[in-house]
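Below is one structure, written out as structure tokens; comments come after it.
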Amino acid sequence: SNITALTSATTITIDYNDNNNFSVTLGHNATFANPSNPTAGQTGSIFITQDGTGSRTASWGTNWDFIGGSAPTLTTPAAAIDRIDYVIFDSTNIQAVATLNYS
């Protein structure tokens, strides 16, 4: 499937009616809010790239569940790429795993 580009902002809300796969180049420290229109069983990826400044951070809404109970710390050099893979368990639980520092 295609990858839908998200707009960098201090709060990013993914609409799962748009696609399963998303990308964003962070120009802000961002919170990935609880998404809209989640469907149980939906899977996909979010590709997160640091802008030319780097050092951008991400936090995650309460519906995001990461391994070990802690959200990942993004790779911070300029142009670094991380990937979040997810499975929507139900409308309030998104199980996610981070793969960091693609090169």
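Odds and ends about this structure:
- Surface accessible to a 1.4 Å probe, per residue, for the residues of segment 61-103, Å²: 56
- Considering only Thr57, Ala5, Asn20, and ranking their Cα positions along the charge dipole of the chain that arises from unit charges at the beta-carbon of Lys, Arg, Asp and Glu, the one farthest toward the positive end is Thr57.
- Note on His28 and Ser59: the model spin-label points, each 7 Å out from Cα along the C-beta direction, lie 1.4 nm apart.
- Length gained on full extension, Asn37 to Ile67, computed as 0.36 nm times the residue gap minus the Cα-Cα distance: 8.5 nm.
- Cα-Cα pairs of the chain separated by more than 24 Å (percent): 14
- Build a GNM of the chain with springs between Cα atoms under 10 Å apart, and of Ser55, Ser36, Ser23 the one that fluctuates most is Ser36.
- Test item: Cα-centred dipole of the chain, Lys/Arg +1 and Asp/Glu -1 on Cβ, debye: 180
The values are calculated or read from the model by the stated rules, or taken from the named source; none is laboratory data. The structure displayed is predicted, hence computed values, not measured ones. Positions of Cβ are backbone-derived with ideal geometry, glycine not excepted, and every protein chain shown enters the neighbour counts. What goes into the accessible areas is simple: the full protein's heavy atoms, side chains included, and nothing from ligands, DNA or RNA. Shrake-Rupley method; radii C 1.70, N 1.55, O 1.52, S 1.80 Å.
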